[in-house]
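**Student:** Sending over a structure as structure tokens; questions will come in a sec.
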Amino acid sequence: MEPNTPNQIVTQIGLTLKKLRKDRQLNLQELAELTGVSKLTLGNIERGETNPTLGVLWKISTGLSLPLMSLFSTASNVTLSQAGKGLRIVGEQKNWVIEPIFQTTINGVEMYRAYLQPSSIYQPEKHHSDTTEIVSVMTGTITMQVNENLYILNQYDSINFKADGIHTYINNSDSIAVLHIVLKYGI
């Protein structure tokens, strides 16, 4: 059964991170050096004492060369994903929310619903080396900046790019943009 309350999710992340660290025979200091996240923060996450930001989660997954959803490990034969229910990860500026469609990584692929608030910008951390990102606009219009190039995406438009460089989501409209995002890890 998937965790469904914020406290259960925070606890699950902590347990998973601790197991991953122990499986790799790392102490907290070594994990901190590998991820760029402080030893104190990592310890707090492992004990379920803090709700890590999306940026911190990306740093951990990148440092461990794992897909992001590996930190939310759950197992089930059948999983139903309903918009607005289940795990929601809010960006630091509160203008970006992602919902993992499934809290597992299947053959190196993760899928998300993402919501970008009106008149806002979101620039994620660089992803793992050799990661491909596919973004489809379900509602609204966004501008994607991939490296120095700008691309306008309207409803049902899609873009595919290497996500280990700088990329930015821009919503210049007065409506929320709903996106479908697929990450394909090359790890």
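**Student:** Please rank Glu99, Glu110, fewest neighbouring Cβ atoms within 10 Å first, as an exposure proxy.
**Tutor:** Working: Glu99 19, Glu110 22.
Neighbour counts put them in this order, fewest first: Glu99, Glu110.
**Student:** I want to verify a result. In a Gaussian network model of the chain, Cα cutoff 10 Å, which of these has the top mean-square fluctuation: Glu133, Glu125, Glu92?
**Tutor:** Of Glu133, Glu125, Glu92, the most mobile in the Gaussian network model is Glu92.
**Student:** Mind checking the alpha-carbon convex hull of the range 68-187 and giving the volume per residue in Å³?
**Tutor:** So the per-residue hull volume is 104 Å³.
**Student:** A further question follows. Order of 58-71, 5-18 by packing, highest average Cβ count within 10 Å first?
**Tutor:** 58-71, 5-18
**Student:** Roughly how tilted is helix 6-23, in degrees to the nearest 10 and between 0 and 90, from the longest Cα axis of the chain?
**Tutor:** Value to nearest ten degrees: 60.
**Student:** Next up: Mind telling me which of Ala114, Ala163, Ala83 comes out most flexible in a GNM of the chain, alpha-carbon contacts under 10 Å?
**Tutor:** Of Ala114, Ala163, Ala83, the Gaussian network model singles out Ala83 as fluctuating most.
**Student:** For the chain, modelled as a Gaussian network with Cα springs under 10 Å, which listed residue fluctuates most, Gln82, Gln29, Gln145?
**Tutor:** Its mean-square fluctuation being the largest, the pick is Gln82.
**Student:** Give the lysines whose C-alpha is closer than 29 Å to that of Lys22, dropping any in the same chain fewer than 8 places away, or say none.
**Tutor:** Result set, ordered by chain and number: Lys39, Lys59, Lys126, Lys184.
**Student:** Rounded to the nearest 20 Debye, what is the dipole magnitude of the chain about its Cα centre when Lys and Arg each give +1 and Asp and Glu each give -1 at the C-beta?
**Tutor:** 480
**Student:** Something else now. Neighbour counts of other C-beta atoms within 10 Å: give me Ile170, Ile98, Ile106 arranged from fewest to most.
**Tutor:** Ranking Ile170, Ile98, Ile106 by Cβ neighbours within 10 Å, fewest first, gives Ile106, Ile170, Ile98.
Computed from the coordinates by the stated procedures, all read-outs in this text should not be read as laboratory data. The model shown is predicted, which means the values in this text are computed figures rather than measured ones. Glycine gets a Cβ as well: all are built from the backbone with ideal geometry, and neighbour counts include every protein chain shown.
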